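Asker: Have a look at this one.
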Amino acid sequence: MNIRRHIFAVAATAMLSTGAYAADIKVGVIGPFTGGSASMGVSMRDGVRLATKEINAAGGIDGNKIVLVERDDEAKNERGVQIAQELINNEKVAATLGYINTGVALASQRFFQEAKIPVINNVATGTLITKQFPNAAENYVFRTSAADNIQAPMIAKEAVEKRGLKKVAILADSTNYGQLGREDLEKALKTYGVTPVATEKFNLGDVDMTSQLLKAKNAGAEVILTYAIGPELAQIANGMAKLGWKKPMIGSWTLSMASFIDTAGKNGNGATMPETFIQNPPTTPKRKAFVEAYLKDFKPKNGIIASPVSAAQGYDSVYLLAAAIKQAKGTEGPKILAALQDLKTPVDGVVMSYNKPFSAADHEAIKAKDVVMGIVEDGKVEFLNAEDATAKKK
Amino acid sequence: MEMFAQILSSGIAVGMIYAVIAFGFQLTFATSGTLNFGQGEALMLGALVGLTCVDMFGMNYWLMIPIVCLFGMVQGGFVELIGVRPAIKIKSEFGWIMSTIALGIIFKNVAENIWGRDALPFPSPLPMEPMEFLGANILPMEILVVVGALVMMMLVEFFNRKTIYGKAVVATANDRDAAGLMGINTSLVITFSYALSSLTAAFAGVLIAPLTLTGAAMGGALGLKAFAVAIIGGLSSGMGIIVGGLILGIVETATGFYISTGYKDVPGLILLLLVLAFKPSGLFGKTAIKKV
């Protein structure tokens, strides 16, 4: 009994003594760290870790350290829901960063909305994500990635306007991500008066894409537009090589996933996608410093970040949140929300410099002008247009 | 015509994959009247062990195959000893169902912990350039899958018909009690049949791995499809398994092309229901009369 009392006393004094001077700010980090989307999730997490380490090393937020509470949602909606409740009720996080998968985000973020805790989606791109609660007085969902209604028009523009390919086939997976993206893509194509000649579907883990590709080929498609993730995209590229039917692949940013590039090998060459961040060449000093720090800390294979976009957006989301907490002078959800919607100081990020990135009406940090096109070349993502690759003055 | 040839060839390749796995179901059903519902996981483990040999130890693809087969045998024997034998001993009708499913889940989780949950590419031993055949493009690896599967099934059949040990298996399959009275160690035969069935699955795993991606999750869907094939073809007929596999593979690919890729998996399940309704022993199966 005595021993237990001692432990209590020690624990209580420890808690009091640290609490009096500096509090830890708990921030949730949710993403798939295993499974088919893991290259995005792990890169995002490492980007977040890197930014947190830097902020804490520089004294934290007014002396308060950021503590990350990381959880693996396995890209499963039900895991996402469980984790959301755990982070809110048990961990009592001040805010949450993450969500890679549109479906998981849509299933889970309503808990944060109800608990009035801000969520910054730093990778998921479904257009609906920031507009999931149109009737709520305040929207607690923010985003630092390029939404599908930015990406889809860019994909359509690249195919129809730039390359003059009017006969398009859409290949999208059957998840929320693929099907919502397909809708955005069809909408974007309509502005050019283009109706896809074939719209095909497949399930995650499908091993044979022959029937989908044959349908596209038979319909006379000149280009394949994709909305899916790495492993299945690789099956498409490899399936095309097998059929001896080589058409350009243009699709959402997931074509830059390592699981696509590594598995498709040379069949993936030429795949084109919108990107917010391309590892090489670094166009700003900030990008250069970020890449060097990331490579030093996490040592990815062959010196290539598995998903540079996720890493960069994850990194930036921490700085945006830190700026908001600093301005709010507190960690209550409504205060952070108000600060995020009206950030007084610009944040110098990796993707870009954020100058008033959010407002009450607009929770999207990335606008169409901030996104460039990338192309897969021999295992790496390069800038498609040379003018994007030259170093920009800040 | 060209399109049809392409659909046919892809369907055959996919169908043969199903058939090899389904073949394993048949092996254990014949001797003991039980099935290993972890068959898909046996395939997954085989593929991952093969990947480790090729990737980590830099082993040649062909040299790796015997190792994977050996691993498959041990794994199958283990499943029988732990999961199935106790159920047979206490004459539990369905205990083996739960225990083989449970072992399958355990194997999957163990594999996730060892190899992670990523889908990994498997280096192909043959060139990945397609060959033209009747206007259809076929990968050399797809031909290897079909040939490999047929050769393996023929070897097992040869073993069962021509060797004394195989005759013990057939005898046990026909009448376990009578075989036991004749001095055949029937429980050893059953263990052996499980080892053989996991061997075929593991072998199927390394055969198809270069065509698909390899990962802890690959067994689930394939195991289920193979089970459907075993039911459609009939659990007591080797011929039926091959035909069943080909039917399902071709029907799936053709539905994807002629109807809609969104409905690709539907006709297979409809076919399964029809077979169960009108010919429960399978298209090629012998009806067993159970006296009560």
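The values are calculated or read from the model by the stated rules, or taken from the named source; none is laboratory data. All of these numbers come straight from a predicted model, not from anything done at the bench. Please note: Cβ atoms are built from the backbone with ideal geometry, for glycine as well, and neighbour counts cover all protein chains shown. These area figures cover heavy atoms from the full protein model, side chains too; ligands, DNA and RNA do not enter into them. Shrake-Rupley method; radii C 1.70, N 1.55, O 1.52, S 1.80 Å.
Asker: At a 1.4 Å probe, which residues in the range B:207-241 are at least 50 Å² less accessible with all protein chains present than in their chain isolated?
Answerer: Residues meeting the cut-off: B:213.
Asker: Output needed: percent of Cα pairs per 5 Å distance bin for the range A:10-150, bins running from 0 to the one holding the longest distance.
Answerer: 2, 10, 19, 21, 19, 13, 9, 5, 2, 1, 0
Asker: Between residue B:4 and residue B:260, with labels modelled 7 Å along Cα→Cβ, what's the label distance in nm to one decimal, could you check?
Answerer: Label at residue B:4, label at residue B:260, 2.6 nm between them.
Asker: Could you sort the residues of the range A:181-206 by number and keep only those whose accessible area is reduced by 30 Å² or more in the all-protein-chain setting relative to the chain alone, 1.4 Å probe?
Answerer: Output list: A:201.
Asker: Rounded to the nearest whole Å², what accessible area per residue is found for chain A with the 1.4 Å probe?
Answerer: On the way: 15880 Å² over 394 residues.
On a per-residue basis, 40 Å².
Asker: Right, another one. Cross-link partners among aspartates and glutamates for residue B:89, C-alpha distance below 17 Å, same-chain residues fewer than 8 apart left out?
Answerer: Result set, ordered by chain and number: B:80, B:175, B:177.
Asker: Based on the Kirkwood radius over alpha-carbon pairs, what value in µm²/s does the Stokes-Einstein equation return for the translational diffusion coefficient of the range B:131-172 at 25 °C and 0.890 mPa s?
Answerer: Working: Rh = 12.2 Å.
Rounded, D is 201 µm²/s.
Asker: Let me know the charge dipole size of the range B:175-292 about its Cα centre in debye, to the nearest 20, where only the beta-carbon of Lys, Arg (+1) and Asp, Glu (-1) is charged.
Answerer: Values: 7 positive and 4 negative charges, 50 e Å.
Its charge dipole is roughly 240 debye.
Asker: With every protein chain present, what accessible area does residue B:55 have (1.4 Å probe, heavy atoms only), rounded to the nearest 10 Å²?
Answerer: 100 Å²
Asker: Hey, another quick one. Measure of size requested: the Rg and Dmax of the range B:187-292, with Cα atoms as the atom set and Å as the unit; please supply both.
Answerer: 15.8, 49
Asker: Local charge sum around residue A:218 (other residues, Cβ-Cβ under 12 Å, Lys/Arg +1, Asp/Glu -1)?
Answerer: Working: positive: A:167, A:215, A:217; negative: A:200, B:2.
Once positives and negatives cancel, what remains is +1.
Asker: Can you give me the P(r) profile for the range B:133-256? Cα pairs, bins 5 angstrom wide beginning at 0, each as a whole percent.
Answerer: Binned Cα distances yield the sequence 2, 9, 14, 21, 19, 14, 9, 6, 3, 1, 1, 0.
Asker: Quickly estimate the mean residue ellipticity at 222 nm for chain B, helices only: each DSSP H run with n ≥ 4 gives -39500 (n - 2.57), and the total goes over all residues, rounded to 500.
Answerer: On the way: 12 runs with 207 residues, N = 292.
Computed mean residue ellipticity for chain B: -24000 deg cm²/dmol.
Asker: What number do you get for the range A:303-352 when its Cα radius of gyration is normalised by 2.2 N^0.38 Å, N = residues?
Answerer: Working: Rg = 12.8 Å, N = 50, 2.2 N^0.38 = 9.7 Å.
Dividing the Cα radius of gyration by 2.2 N^0.38 Å gives 1.32.
Asker: While we're on this one: With θ set to phi - 60°, apply the Karplus curve 6.51 cos²θ - 1.76 cosθ + 1.60 along the range A:45-59 and write out the HN-Hα couplings as whole Hz, x wherever there is a Gly or Pro.
Answerer: 4, 5, x, 5, 4, 4, 5, 5, 4, 5, 5, 5, 5, 8, x
Asker: Sequence neighbours fewer than 8 away in the same chain don't count; with that in mind, list the aspartates and glutamates whose C-alpha is under 19 Å from residue A:76.
Answerer: A:86, A:173, A:206, A:232, B:112, B:118
Asker: Let me ask you something else. Would you work out the Kirkwood radius for the range A:97-198? I mean one over the mean of 1/r across all pairs of different Cα atoms, in Å. Provide the component values of the computation, followed by the final result.
Answerer: On the way: mean 1/r = 0.0685 Å⁻¹.
So the Kirkwood estimate lands at 14.6 Å.
Asker: Using the Kirkwood radius built from alpha carbon pairs, what does the Stokes-Einstein equation give as D for chain B at 25 °C and 0.890 mPa s, in µm² per second? Numbers along the way, then the final one.
Answerer: Details: Rh = 19.5 Å.
Roughly 126 µm²/s, to the nearest whole number.
Asker: Restricting to bridges with both residues inside chain A, how much of the DSSP beta-bridge set is antiparallel, in percent to the nearest 5? Before the final figure, lay out each step's value.
Answerer: Values: 11 of 43 bridges.
Percent antiparallel among DSSP bridges in chain A is about 25.
Asker: Can you tell me the orientation of helix B:164-174 relative to chain B, as the angle in degrees between its alpha-carbon axis and the longest Cα principal axis, to the nearest 10?
Answerer: 80 degrees
Asker: Here's another thing I want to ask about it. Where the only charges are on Cβ atoms (+1 Lys, Arg; -1 Asp, Glu), what is the dipole of the range A:208-309 about its Cα centre, to the nearest 20 debye? Please report the intermediate quantities before stating the final value.
Answerer: Working: 12 positive and 7 negative charges, 43 e Å.
In total the dipole reaches around 200 debye.
Asker: Using a simple spin-label model with points 7 Å from Cα along the Cα→Cβ vector, what separation in nm is obtained for residue A:292 and residue A:183?
Answerer: 4.6 nm
Asker: A further question follows. Taking the range A:83-151 on its own, what percent of its Cα-Cα pair distances exceed 13 Å?
Answerer: On the way: 1384 of 2346 pairs.
Taking all Cα-Cα pairs of the range A:83-151, the fraction more than 13 Å apart is 59 percent.
Asker: Here's a follow-up. What's the ranking of A:204-213, B:273-282, A:261-270, A:99-108 by average number of surrounding C-beta atoms within 10 Å, highest first?
Answerer: Going by the mean number of other Cβ atoms within 10 Å, highest first, we get A:99-108, A:204-213, A:261-270, B:273-282.
Asker: While we're here: At 20 °C and a viscosity of 1.002 mPa s, what translational diffusion coefficient does Stokes-Einstein give for the range A:290-394, taking Rh as the Kirkwood radius over Cα pairs? Give it in µm²/s as a whole number.
Answerer: Numbers: Rh = 15.7 Å.
Calculated translational D: 137 µm²/s.
Asker: Percent relative contact order of chain A, based on C-alpha pairs within less than 8 angstrom and at least six residues apart?
Answerer: Normalised by residue count, the contact order of chain A is 18 percent.
Asker: Within the range B:13-62, report the chymotrypsin sites (Phe, Trp or Tyr not before Pro) that DSSP leaves as loop and that have at most 15 other Cβ atoms within 10 Å. Before the final figure, lay out the partial values.
Answerer: Numbers: sites: B:18, B:23, B:25, B:29, B:37, B:57, B:61, B:62; in loops: B:37, B:57.
For chymotrypsin sites (Phe, Trp or Tyr not before Pro) across the range B:13-62 that sit outside H, G, I, E and B with at most 15 neighbouring Cβ atoms in 10 Å, the list reads B:57.
Asker: With a 1.4 Å probe and all protein chains kept in place, how do A:110, A:143, B:85 rank by accessible area, largest first? All intermediate terms of the calculation are to be shown ahead of the outcome.
Answerer: Working: A:110 105, A:143 0, B:85 65 Å².
So, going from the largest accessible area down, we get A:110, B:85, A:143.
Asker: While we're looking at this one, here's another question. At a probe size of 1.4 Å, how large is the accessible area of residue A:131, to the nearest 10 Å²?
Answerer: 100 Å²
Asker: Total Å² of accessible surface buried at the B-A contact, 1.4 Å probe, nearest 100? Write down the numbers at each step before the final one.
Answerer: Details: alone 14720 and 16940 Å², together 29500 Å².
Interface between B and A: roughly 2200 Å².
Asker: Can you tell me what share of the DSSP beta bridges in the protein assembly as shown is antiparallel? A percent to the nearest 5 is fine.
Answerer: Numbers: 15 of 47 bridges.
Percent antiparallel among DSSP bridges in the protein assembly as shown is about 30.
Asker: State to the nearest 20 debye the size of the charge dipole of the protein assembly as shown about its Cα centre, where the only charges are +1 on K and R beta carbons and -1 on D and E beta carbons. Intermediate results must be reported in sequence, preceding the final value.
Answerer: Working: 62 positive and 56 negative charges, 135 e Å.
Roughly 640 debye for the protein assembly as shown.
Asker: How high is the relative contact order of the range A:197-248, in percent, counting Cα pairs under 8 Å that sit 6 or more residues apart? Show your work: numbers first, answer last.
Answerer: Numbers: 39 pairs, mean separation 22.0, N = 52.
Taking the mean separation of contacting Cα pairs over the length of the range A:197-248, I get 42 percent.
Asker: If A:246, A:116 are ordered by their accessible area, calculated over protein heavy atoms with a 1.4 Å probe, which sequence runs from highest to lowest? Intermediate results must be reported in sequence, preceding the final value.
Answerer: Numbers: A:246 125, A:116 95 Å².
The ranking, largest first, comes out as A:246, A:116.
Asker: Which residues of the range B:111-130 bury at least 50 Å² of accessible area once all protein chains are present, versus their chain alone (1.4 Å probe)?
Answerer: B:117
Asker: Cα atoms only: what Rg and Dmax, in Å, come out for the protein assembly as shown?
Answerer: Here Rg and the maximum Cα pair distance are 28.2, 91 Å.
Asker: Tell me, what % of the accessible area of the range B:10-66 is carbon and sulfur with a 1.4 angstrom probe? Don't skip to the end; give the middle numbers.
Answerer: Values: 1030 of 1500 Å².
Of the solvent-accessible surface of the range B:10-66, carbon and sulfur hold 69 percent.
Asker: Using a 1.4 angstrom probe on heavy atoms only, work out the carbon and sulfur share of the accessible area of chain A in %. Present the calculation step by step, with values, prior to reporting the outcome.
Answerer: Values: 8770 of 15880 Å².
Roughly 55 percent, rounded to a whole number.
Asker: Between the helical axis of A:2-21 and the dominant principal axis of chain A, each derived from Cα atoms, what acute angle in degrees is found, rounded to the nearest 10?
Answerer: 70 degrees
Asker: Can you find, among A:264, A:38, A:241, the residue sitting farthest towards the positive end of the charge dipole of the protein assembly as shown, where Lys and Arg contribute +1 and Asp and Glu -1 at Cβ?
Answerer: So the residue we want is A:38.
Asker: Turning to a different aspect of this structure: Write down the accessible area per residue of the range B:89-203 in Å², having rolled a 1.4 Å probe over the full set of protein chains.
Answerer: Numbers: 6550 Å² over 115 residues.
Heavy-atom SASA per residue in the range B:89-203 reads 57 Å².
Asker: Something else about it: To the nearest 10 degrees, how steep is helix A:285-298 against the longest Cα principal axis of chain A, on a 0 to 90 scale?
Answerer: Compared with the principal axis, the helix lies near 80 degrees.
Asker: Still on this structure, please answer the following. Let's test this: bin the Cα-Cα distances of chain A at 10 Å from zero up to the farthest pair and state each bin's percent.
Answerer: 5, 24, 32, 23, 11, 4, 2, 0, 0
Asker: Relative contact order, percent, of chain B when contacts are C-alpha pairs under 8 Å separated by at least 6 residues? Intermediate values should be presented prior to the final figure.
Answerer: Numbers: 488 pairs, mean separation 104.4, N = 292.
Normalised by residue count, the contact order of chain B is 36 percent.
Asker: Hey, what number do you get for chain A at 222 nm if only DSSP H runs of n ≥ 4 count, each worth -39500 (n - 2.57), divided across all residues, to the nearest 500?
Answerer: On the way: 13 runs with 166 residues, N = 394.
That calculation yields -13500 deg cm²/dmol at 222 nm.
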